[in-house]
1. Of the numbered conditions (1) outside any helix (DSSP H, G or I); (2) under 16 Å from the mean Cα position of the chain (by Cα), P33 fails exactly one; give the number of that condition.
2. Are any residues in the stretch 78-110 in a helix (DSSP H, G or I) and touching a residue at least 40 places away in the same chain (Cβ under 8 Å), and if so, which ones?
3. Are there any pairs with C-beta distances below 6 angstrom linking a residue in the stretch 1-29 that is β-branched (V, I, T) to a residue that is at pLDDT 95 or above and open to solvent by less than 40 Å² (accessible area, probe 1.4 Å), with the two at least 6 apart or on different chains, and if so which?
4. Going by the conditions given, is S54 within 30 Å of S109 (Cβ to Cβ), assigned to a loop (DSSP other than H, G, I, E, B) and not hydrophobic (A, V, I, L, M, F, W, C)?
5. What are the residues in the stretch 57-95 that are under 17 Å from A42 (Cα atoms) and surrounded by fewer than 20 Cβ atoms within 10 Å (Cβ to Cβ), if any?
6. For the stretch 1-44, name all the residues that are hydroxyl-bearing (S, T, Y) and open to solvent by 40 Å² or more (accessible area, probe 1.4 Å).
7. Inspect the stretch 37-59 for any residue being basic (K, R) and without any contact (Cβ under 8 Å) to a residue 40 or more places away in the chain and give the result as yes or no.
8. Is it true that L98 is open to solvent by 60 Å² or more (accessible area, probe 1.4 Å) and either under 20 Å from A2 (Cβ atoms) or touching a Ser or Thr at 6+ places or on another chain (Cβ under 7 Å) (or both)?
Amino acid sequence: MAWPLAAFFLFGAYGNAFISEEYAAAYAAWGYPDWFHYVTAALELTAGILLIRSATRAFGAALGAVVMAAATLTTLVNADYGHAVAPAVVFAVSLAVLGLSLALRRNRSR
């Protein structure tokens, strides 16, 4: 489950770094400055990279969950429900990966 999540964040980082006109308009409608998609891209890239290695997976999942929680809240606050489903699902998957990573880490330390 962590590898597909890492791939999602890595592709998402690319998509946010080289944003389409549609998403640029969405960011503007949500009230974000023109450069904010680069912040999102950097956070998603970091989450994706951290998710790859088991030693840093919990940090990547936690960061990814924060990014997706912010994306979900942004879309819901702005009543952009069509864009709310994907980040909500990825938020849930990130929390699942975080929980599993922490459980595995706990079991290894025993």
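1. Among (1) outside any helix (DSSP H, G or I); (2) under 16 Å from the mean Cα position of the chain (by Cα), P33 violates only (2).
2. Step one: list which residues in the stretch 78-110 are in a helix (DSSP H, G or I), which gives 81-83, 85-108.
H83, V90, V93, S94, A96, V97, L98, L100, S101, L102, L104, R105 - these are the residues of the stretch 78-110 that are in a helix (DSSP H, G or I) and touching a residue at least 40 places away in the same chain (Cβ under 8 Å).
3. These pairs meet every condition: I19/H37.
4. On the way: within 30 Å of S109 (Cβ to Cβ): yes; assigned to a loop (DSSP other than H, G, I, E, B): yes; not hydrophobic (A, V, I, L, M, F, W, C): yes.
For S54, the condition - within 30 Å of S109 (Cβ to Cβ), assigned to a loop (DSSP other than H, G, I, E, B) and not hydrophobic (A, V, I, L, M, F, W, C) - is met.
5. Within the stretch 57-95, F59, A62, V66, A69, A70 meet the criteria.
6. From the stretch 1-44, those hydroxyl-bearing (S, T, Y) are 14, 20, 23, 27, 32, 38, 40; that's our starting set.
Y14, S20, Y23, Y32, Y38 - these are the residues of the stretch 1-44 that are hydroxyl-bearing (S, T, Y) and open to solvent by 40 Å² or more (accessible area, probe 1.4 Å).
7. Just the residues of the stretch 37-59 that are basic (K, R), to begin with: 53, 57.
Adding the requirement that they be without any contact (Cβ under 8 Å) to a residue 40 or more places away in the chain leaves 53.
Yes; the residues of the stretch 37-59 include at least one that is basic (K, R) and without any contact (Cβ under 8 Å) to a residue 40 or more places away in the chain.
8. Details: open to solvent by 60 Å² or more (accessible area, probe 1.4 Å): no; either under 20 Å from A2 (Cβ atoms) or touching a Ser or Thr at 6+ places or on another chain (Cβ under 7 Å) (or both): yes.
Considered against the rule, which asks whether it is open to solvent by 60 Å² or more (accessible area, probe 1.4 Å) and either under 20 Å from A2 (Cβ atoms) or touching a Ser or Thr at 6+ places or on another chain (Cβ under 7 Å) (or both), L98 comes out as no.
The values are calculated or read from the model by the stated rules, or taken from the named source; none is laboratory data. Keep in mind that this is a model prediction, so the values were computed, not measured. Cβ atoms come from the backbone with ideal geometry, glycine included; neighbour counts cover every protein chain shown. The accessibility values were calculated without ligands, DNA or RNA, using every heavy atom of the protein model including side chains. Shrake-Rupley method; radii C 1.70, N 1.55, O 1.52, S 1.80 Å.
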